[in-house]
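Scroll down for the structure; my scribbles are underneath it.
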Amino acid sequence: MTEIEYLIDFASPNAWLTHKALPGLLERTGASVRYTPVLLGGLFKLTGNQAPMIAYADIPNKLAYEGREFERFIERHGITGFQFNPHFPVNTLLLMRMAIAADAAGVLPAFIEAGFHHMWEDPKNMSDAAIIAGALADSGLDVEGLLAAAATPDVKARLIANTDDAVARGAFGIPSFFVRGELYFGKNTLDDIERAVSAS
(Lines give C-alpha, C1' and ligand atoms only; values in the text may rest on other atoms or scores of the structure.)
Protein backbone atom coordinates (compact mmCIF):
# COMPACT_ATOMS: atom_id res chain seq x y z
CA MET A 1 0.00 0.00 0.00
CA THR A 2 1.41 3.39 -1.00
CA GLU A 3 1.49 6.02 1.71
CA ILE A 4 0.76 9.68 1.03
CA GLU A 5 2.32 12.03 3.54
CA TYR A 6 0.22 15.16 3.93
CA LEU A 7 1.86 18.22 5.50
CA ILE A 8 -0.95 19.98 7.30
CA ASP A 9 -1.75 23.31 8.93
CA PHE A 10 -5.32 24.42 9.51
CA ALA A 11 -4.47 28.01 8.48
CA SER A 12 -4.89 27.26 4.78
CA PRO A 13 -8.36 27.06 3.21
CA ASN A 14 -6.76 25.04 0.41
CA ALA A 15 -5.69 22.50 3.03
CA TRP A 16 -9.34 22.13 4.01
CA LEU A 17 -10.29 21.60 0.37
CA THR A 18 -7.71 18.87 -0.15
CA HIS A 19 -8.70 17.25 3.13
CA LYS A 20 -12.25 17.02 1.79
CA ALA A 21 -11.19 15.71 -1.62
CA LEU A 22 -8.57 13.24 -0.40
CA PRO A 23 -10.89 10.42 0.80
CA GLY A 24 -12.07 9.78 -2.76
CA LEU A 25 -8.50 9.44 -3.96
CA LEU A 26 -7.68 7.03 -1.13
CA GLU A 27 -10.76 4.94 -1.89
CA ARG A 28 -9.96 4.76 -5.61
CA THR A 29 -6.29 3.89 -5.17
CA GLY A 30 -6.13 1.96 -1.90
CA ALA A 31 -3.42 4.34 -0.70
CA SER A 32 -3.14 5.48 2.91
CA VAL A 33 -2.46 8.95 4.30
CA ARG A 34 -0.14 10.04 7.10
CA TYR A 35 -0.63 13.54 8.40
CA THR A 36 2.43 15.54 9.47
CA PRO A 37 1.62 18.72 11.41
CA VAL A 38 3.84 21.66 10.42
CA LEU A 39 3.62 25.41 10.93
CA LEU A 40 2.69 27.29 7.77
CA GLY A 41 4.09 30.53 9.16
CA GLY A 42 7.37 28.72 9.75
CA LEU A 43 7.44 27.42 6.18
CA PHE A 44 6.90 30.95 4.91
CA LYS A 45 9.60 32.40 7.15
CA LEU A 46 12.18 29.76 6.27
CA THR A 47 11.60 29.91 2.51
CA GLY A 48 10.66 33.54 1.93
CA ASN A 49 7.24 32.51 0.66
CA GLN A 50 4.06 34.53 1.21
CA ALA A 51 0.35 33.87 1.30
CA PRO A 52 -1.40 34.62 -2.04
CA MET A 53 -3.33 37.51 -0.51
CA ILE A 54 0.00 39.19 0.22
CA ALA A 55 2.05 37.98 -2.73
CA TYR A 56 -0.61 39.02 -5.26
CA ALA A 57 -1.97 42.06 -3.42
CA ASP A 58 -0.98 44.33 -6.32
CA ILE A 59 -2.26 41.92 -8.99
CA PRO A 60 -6.06 42.02 -8.71
CA ASN A 61 -6.57 39.77 -11.74
CA LYS A 62 -4.42 37.10 -10.13
CA LEU A 63 -6.35 37.29 -6.86
CA ALA A 64 -9.63 37.07 -8.76
CA TYR A 65 -8.35 34.02 -10.62
CA GLU A 66 -7.26 32.38 -7.37
CA GLY A 67 -10.81 32.84 -6.09
CA ARG A 68 -12.35 31.35 -9.21
CA GLU A 69 -9.97 28.40 -9.10
CA PHE A 70 -11.09 27.81 -5.53
CA GLU A 71 -14.72 27.74 -6.69
CA ARG A 72 -13.93 25.35 -9.55
CA PHE A 73 -12.25 22.91 -7.18
CA ILE A 74 -15.30 22.93 -4.91
CA GLU A 75 -17.59 22.33 -7.88
CA ARG A 76 -15.40 19.59 -9.36
CA HIS A 77 -15.22 17.61 -6.14
CA GLY A 78 -18.76 18.25 -4.93
CA ILE A 79 -17.54 19.83 -1.70
CA THR A 80 -20.02 21.56 0.57
CA GLY A 81 -19.94 23.38 3.88
CA PHE A 82 -17.15 25.89 3.33
CA GLN A 83 -17.38 29.21 5.16
CA PHE A 84 -14.58 31.73 4.92
CA ASN A 85 -13.11 32.42 8.35
CA PRO A 86 -13.66 36.12 9.16
CA HIS A 87 -10.55 36.06 11.38
CA PHE A 88 -8.27 35.01 8.50
CA PRO A 89 -5.30 34.96 8.56
CA VAL A 90 -5.30 32.96 11.79
CA ASN A 91 -2.19 32.34 13.89
CA THR A 92 -2.27 28.56 14.33
CA LEU A 93 0.81 28.09 16.54
CA LEU A 94 -1.10 26.77 19.55
CA LEU A 95 -3.44 24.71 17.39
CA MET A 96 -0.55 23.04 15.58
CA ARG A 97 1.27 22.32 18.84
CA MET A 98 -1.93 20.66 19.99
CA ALA A 99 -1.95 18.68 16.74
CA ILE A 100 1.51 17.35 17.64
CA ALA A 101 0.16 16.39 21.06
CA ALA A 102 -2.89 14.77 19.45
CA ASP A 103 -0.61 12.71 17.22
CA ALA A 104 1.34 11.48 20.23
CA ALA A 105 -1.93 10.63 21.98
CA GLY A 106 -3.22 8.67 18.98
CA VAL A 107 -6.15 11.01 18.29
CA LEU A 108 -4.77 13.04 15.37
CA PRO A 109 -7.51 12.02 12.86
CA ALA A 110 -10.25 13.25 15.22
CA PHE A 111 -8.27 16.39 15.98
CA ILE A 112 -7.86 17.13 12.27
CA GLU A 113 -11.58 16.78 11.65
CA ALA A 114 -12.34 19.08 14.56
CA GLY A 115 -9.67 21.62 13.67
CA PHE A 116 -10.85 21.97 10.09
CA HIS A 117 -14.49 22.10 11.15
CA HIS A 118 -13.95 24.99 13.54
CA MET A 119 -11.67 26.81 11.11
CA TRP A 120 -13.55 26.51 7.81
CA GLU A 121 -17.04 25.06 8.40
CA ASP A 122 -18.15 26.72 11.64
CA PRO A 123 -15.39 29.34 11.69
CA LYS A 124 -14.01 30.77 14.89
CA ASN A 125 -10.93 32.68 15.98
CA MET A 126 -8.76 29.60 16.39
CA SER A 127 -5.79 31.65 17.56
CA ASP A 128 -7.53 32.32 20.90
CA ALA A 129 -6.76 29.69 23.53
CA ALA A 130 -10.14 29.96 25.23
CA ILE A 131 -12.02 29.67 21.95
CA ILE A 132 -9.85 26.72 20.89
CA ALA A 133 -10.57 24.98 24.20
CA GLY A 134 -14.31 25.45 23.92
CA ALA A 135 -14.49 24.41 20.28
CA LEU A 136 -12.42 21.27 20.67
CA ALA A 137 -14.22 20.28 23.86
CA ASP A 138 -17.47 20.52 21.92
CA SER A 139 -15.90 18.09 19.45
CA GLY A 140 -15.26 15.56 22.22
CA LEU A 141 -11.50 15.99 22.59
CA ASP A 142 -9.49 15.97 25.81
CA VAL A 143 -8.69 19.66 25.70
CA GLU A 144 -6.99 19.85 29.09
CA GLY A 145 -4.61 17.03 28.22
CA LEU A 146 -3.83 18.43 24.78
CA LEU A 147 -3.24 21.96 26.10
CA ALA A 148 -0.94 20.65 28.82
CA ALA A 149 1.04 18.58 26.33
CA ALA A 150 1.20 21.47 23.86
CA ALA A 151 3.06 23.54 26.44
CA THR A 152 5.84 20.97 26.90
CA PRO A 153 9.31 21.47 25.36
CA ASP A 154 9.13 18.13 23.55
CA VAL A 155 5.96 19.03 21.67
CA LYS A 156 7.23 22.51 20.81
CA ALA A 157 10.49 21.02 19.53
CA ARG A 158 8.65 18.40 17.45
CA LEU A 159 6.63 21.04 15.60
CA ILE A 160 9.82 22.97 14.84
CA ALA A 161 11.56 19.79 13.72
CA ASN A 162 8.64 18.80 11.46
CA THR A 163 8.67 22.23 9.85
CA ASP A 164 12.45 22.31 9.41
CA ASP A 165 12.41 18.81 7.92
CA ALA A 166 9.64 19.74 5.49
CA VAL A 167 11.70 22.69 4.23
CA ALA A 168 14.80 20.51 3.95
CA ARG A 169 12.81 18.19 1.69
CA GLY A 170 11.67 21.05 -0.54
CA ALA A 171 8.34 22.19 0.95
CA PHE A 172 7.46 25.88 0.94
CA GLY A 173 3.71 26.01 1.55
CA ILE A 174 0.48 24.18 2.34
CA PRO A 175 -1.04 21.90 1.18
CA SER A 176 2.03 19.80 0.40
CA PHE A 177 2.32 16.06 -0.09
CA PHE A 178 5.12 13.55 -0.41
CA VAL A 179 4.75 10.30 -2.33
CA ARG A 180 7.85 8.11 -2.23
CA GLY A 181 9.93 11.19 -1.50
CA GLU A 182 8.49 13.28 -4.34
CA LEU A 183 6.98 16.64 -3.40
CA TYR A 184 3.55 17.69 -4.69
CA PHE A 185 2.29 21.18 -3.81
CA GLY A 186 -1.20 22.59 -4.06
CA LYS A 187 -4.74 21.31 -4.27
CA ASN A 188 -4.54 20.91 -8.04
CA THR A 189 -1.81 18.27 -7.80
CA LEU A 190 -4.23 15.64 -6.50
CA ASP A 191 -4.63 14.21 -10.01
CA ASP A 192 -0.84 13.91 -10.31
CA ILE A 193 -0.70 12.22 -6.91
CA GLU A 194 -3.41 9.79 -7.94
CA ARG A 195 -1.53 8.89 -11.11
CA ALA A 196 1.68 8.40 -9.15
CA VAL A 197 -0.01 6.18 -6.60
CA SER A 198 -1.88 4.17 -9.21
CA ALA A 199 1.33 3.53 -11.16
CA SER A 200 3.05 1.95 -8.16
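Report, by residue number, each residue of the range 63-87 that is more than 17 Å from PHE116 (Cα to Cα) and either modelled with pLDDT under 90 or under 19 Å from the mean Cα position of the chain (by Cα) (or both).
LEU63, GLU66, GLY67, GLU69, GLU71, PHE73, HIS77 - these are the residues of the range 63-87 that are more than 17 Å from PHE116 (Cα to Cα) and either modelled with pLDDT under 90 or under 19 Å from the mean Cα position of the chain (by Cα) (or both).
Can you confirm whether ALA105 is open to solvent by 40 Å² or more (accessible area, probe 1.4 Å), out of contact with any Lys or Arg (no Cβ under 8 Å at 6 or more places or on another chain) and farther than 27 Å from LEU136 by Cα?
Criteria not met by ALA105.
Within the range 1-46, can you find the residues that are assigned to a strand (DSSP E or B) and either among the hydroxyl-bearing types (Ser, Thr, Tyr) or open to solvent by 20 Å² or more (accessible area, probe 1.4 Å) (or both)?
Within the range 1-46, GLU3, TYR6, SER32, VAL33, ARG34, TYR35, THR36 qualify.
Quick test for you: out of PHE82, PHE88, PHE172, pick the one residue that is closer than 15 Å to ALA11 by Cα, open to solvent by 70 Å² or more (accessible area, probe 1.4 Å) and touching a residue at least 40 places away in the same chain (Cβ under 8 Å).
The unique qualifying residue is PHE172.
Considering only residues that are farther than 18 Å from LEU159 by Cβ and either of a type in the set (D, E, K, R) or loosely packed, with under 15 Cβ neighbours inside 10 Å (or both), which ones fall in the range 111-130?
GLU113, GLU121, ASP122, LYS124, ASP128, ALA130
Give the residues of the range 47-65 that are surrounded by fewer than 12 Cβ atoms within 10 Å (Cβ to Cβ) and in contact (Cβ under 8 Å) with a residue 12 or more places away in the chain, sorted by residue number.
Matches in the range 47-65: MET53 only.
The values are calculated or read from the model by the stated rules, or taken from the named source; none is laboratory data. Since this is a predicted model, take the numbers as computed values, not measurements. FYI the Cβ positions are ideal-geometry reconstructions off the backbone, even for glycines, and counts take in every protein chain you see. Keep in mind that these areas ignore ligands, DNA and RNA; they rest on the heavy atoms of the full protein, side chains included. Shrake-Rupley method; radii C 1.70, N 1.55, O 1.52, S 1.80 Å.
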